[in-house]
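Following: one structure in structure tokens, then a few remarks.
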Amino acid sequence: MTDGGRGSYHHGALRDALLTAAREILEEEGLEALSWRGIARRANVSHQAPYNHFADKAELLRAVADQGFSDLNQAMRSRIEAAGEGGARLRAAGVGYVVFAAQNPALFHLMFSPGLGPHPPDLSLETDRARAYAALLDAVKSYGPPPADERAARLRSLAAWSLAHGLAELVILDIARHREFGFEDLEAFAAAAIG
């Protein structure tokens, strides 16, 4: 299927092409550079084609952020599954969080931009954001004495989240530099700082 002679794409692949284009622009040029026309141009379609999948740019950005939360969830869960028990699982979740943020700084900032949705996520919703938060909550529940109740577990996860998110921001802003702390790589630094 073609779109106004600008290029070709397979029916059903346009949405993914638009998300990929938006993520590329986001990481290469920053959030300010993301425009509806620029995304369409990068995806090699007319500037009207994105309306087939998204009502507006804000909806497309929410989809990019949701994709980011899905990737963050995977980054944390893969590390949690490879970790041992208790504290190792919690540390693995935090390291996954920090490393993901450092590798995707513009996406990470978009994910936590005001106006994209509730923070912290509503765990009753089946969203990528909620699943990423649930990965951290699961790791918290596996560490230390069992929380007295769900509220205590959520407060513990908030403390862990604050530590990981704060460290991620300091790394992204180049304030916390792993070599200045005597670490050769970010993962070891994050594990030590979180541990």
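The GNM of the chain, with springs linking C-alpha atoms under 10 angstrom apart, assigns the highest mean-square fluctuation among Phe69, Phe108, Phe54 to Phe54. Each Lys and Arg adds +1 at its Cβ and each Asp and Glu adds -1 at its Cβ; summed about the Cα centre, the stretch 14-54 shows a dipole of about 240 debye.
Note on the stretch 14-54: dipole from Cβ charges, positive end direction compared against Leu34, Asn44, Ala21; the farthest Cα belongs to Asn44. If you take every residue apart from Ala33 with its C-beta less than 11 Å away from the C-beta of Ala33, what net charge results, scoring Lys and Arg +1 and Asp and Glu -1? Here the charged neighbours net out to -4. Computed from backbone phi with θ = phi - 60° and the Karplus coefficients 6.51, -1.76 and 1.60, the 3J(HN,Hα) list for the stretch 34-39 is 6, 10, 4, 5, x, 5 Hz; x is used for glycine and proline. Residue ranges 165-174, 38-47 sort as 38-47, 165-174 when ordered by packing (mean number of other C-beta atoms within 10 Å per residue, highest first). Computed extension length for Ala58-Phe183: 41.0 nm, one decimal, from 0.36 nm per residue of separation with the Cα-Cα distance subtracted. In this Cβ point-charge picture (+1 for Lys and Arg, -1 for Asp and Glu), the stretch 55-195 has a dipole of about 260 debye about its Cα centre. You can think of it this way: the chain between Glu32 and Glu81 has 14.0 nm of extra reach, that is 0.36 nm per residue less the Cα-Cα gap.
The Rg/Rh ratio of the chain, with Rg taken over Cα atoms and Rh as the Kirkwood radius over Cα pairs, comes to 1.04.
In degrees from 0 to 90, rounded to the nearest 10, what is the angle of the helix 57-82 Cα long axis to the longest principal axis of the chain? Around 40 degrees separate the two axes.
Taking one quarter of the surface of the convex hull spanned by the alpha-carbon atoms of the stretch 14-54 gives a direction-averaged projected area of 2.4 nm².
None of the figures in this text is laboratory data; all of them are computed from the coordinates on show. Everything numeric here is computed off the predicted structure, so don't read it as measured data. Please note: Cβ atoms are built from the backbone with ideal geometry, for glycine as well, and neighbour counts cover all protein chains shown.
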